[in-house]
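Here is the structure we will look at, set down as structure tokens.
The values are calculated or read from the model by the stated rules, or taken from the named source; none is laboratory data. Keep in mind that this is a model prediction, so the values were computed, not measured. No Cβ is skipped: glycine too gets one built from the backbone with ideal geometry, and neighbour counts run over all protein chains shown.
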Amino acid sequence: EAFKNLVQKYPKLQAIFVGDGSCREELTAQIRNYRLQERIHFLGVRKDIPELLNAIDLFVLPSIAGEGLPNVVLEAMACGKPVVATRVGGTAEAVRDQENGYLAEPADVASLQLALEKALSDPQRLRRMGQRSREIAEQEFSLQKQISSFEKLYQQLYQEKVGAGTVRQAVALRNGI
């Protein structure tokens, strides 16, 4: 619905949907109802995601329910794409509102439309946001960064376990056990 409201202002606007889901039939019916068949295309399940991401100007993920931090958001960012997404799950960890994209409220058409409008209204800013997406992906979500974060977590858990064991041993010794 948010897309429908923008096509008059942006006559070249196109959208692609990648993947398959339970709401495809409902979306297809809405697209037909709004007469947007020439502007919105369903590509189904694809394996060439990097190539598709490199062909777009803006990545949009209008999730309604939380799903952690979707890998596809990080993939889009790694390809240097600005992101418009909803504030669900861990998406806001990666998408910084007005820095590398825009965040909208879930299940709120007006909020999503406003975020899309902001993104589409300034192509130069959109390009800068894409560059920032790439920087954030490389600096904060690289494989090395994730490994380092897990190592720190495991080290912390290990220290807590060892520390707890030491306290238990001291109490046992004091109690003569």
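Numbers at a glance
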item: Segment 77-91: number of residues that are touching a Gly at 6+ places or on another chain (Cβ under 9 Å) and either hydrophobic (A, V, I, L, M, F, W, C) or without any contact (Cβ under 8 Å) to a residue 40 or more places away in the chain (or both); result: 9
item: Complete set of residues in segment 12-23 that are in contact (Cβ under 8 Å) with a residue 40 or more places away in the chain and part of a loop (DSSP other than H, G, I, E, B); result: LEU13
item: Selection status of ILE64, at pLDDT below 95 and under 20 Å from LEU116 (Cβ atoms); result: yes
item: Total residues in segment 100-147, condition among the charged types (D, E, K, R), surrounded by fewer than 16 Cβ atoms within 10 Å (Cβ to Cβ) and closer than 21 Å to GLY89 by Cβ; result: 3
item: Residues located in segment 24-76, provided they are free of Cβ contacts under 8 Å to residues at least 12 places away in the same chain and either part of a strand (DSSP E or B) or surrounded by 14 or more Cβ atoms within 10 Å (Cβ to Cβ) (or both); result: ILE31
